[in-house]
1. Restricting segment 34-79 to residues that are among the small types (G, A, S) and free of Cβ contacts under 8 Å to residues at least 12 places away in the same chain, which is most open to solvent (accessible area, probe 1.4 Å)?
Amino acid sequence: MTEQPGRLAAYWERQLDKMEEAERKRARRLPGWRTRKHRRALAVVLVLADLTLVFGATWFETGPKWVFPACWLTGLVTGGFAFITLRVLTGRMSGSFSRLLDEREREWRHRVTYIGYQALSYLMLIAMLYSLFVAHTEDGGVRGAMMMSALLVTGTTIPAIVLGWSLPDDDPEDFEEGMGNA
């Protein structure tokens, strides 16, 4: 029985090593996009995609039948692209394990996680109030669930948006050193 924790710890270390290697490879992607200007543009695209999802949720079962699918498809595809690209450009600071981050990155991650948690809490409160507001209407429960889904997706993107907007430009010398070690 005492051997089991040791094997589990060794397995966990191997998994973290694999994740660290994958992160090093990802860090070399899109070198021309690693500026604040590009990250901010992607953050704006992600905010607009989130707003498109929320707009689509407000029109669920109340407007023309094409509005909801068009908004959700546009919001999910555009937002998904912007979100994944921002995660690559920010070095996955909003979701990496502490071991894979330096002190500065760890501090950024703690800040944006807290901001994201607070924002998600408020968005869920808004979703609850919206659900109460539409509960008496036809398909009120489904409309409330769609709004909750849109606001949940929006809330999960908040850390990437904050990082994309506020991180300074990468130091070009650090990036070139990382490329030279490859």
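The values are calculated or read from the model by the stated rules, or taken from the named source; none is laboratory data. Just so we're clear, the structure is a prediction, and the values are computed from it rather than from any experiment. With ideal geometry, Cβ positions are generated from the backbone for all residues, glycine too; neighbour counts draw on all protein chains shown. Note: accessible area is taken over every heavy atom of the protein model, side chains too, but ligands, DNA and RNA are not part of it. Shrake-Rupley method; radii C 1.70, N 1.55, O 1.52, S 1.80 Å.
1. It comes out as A41.
Let's see how each residue does on (1) closer than 20 Å to T52 by Cα; (2) surrounded by fewer than 18 Cβ atoms within 10 Å (Cβ to Cβ):
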| site | (1), (2) |
| --- | --- |
| F81 | yes, yes |
| R106 | no, yes |
| R109 | no, no |
| Y117 | no, yes |
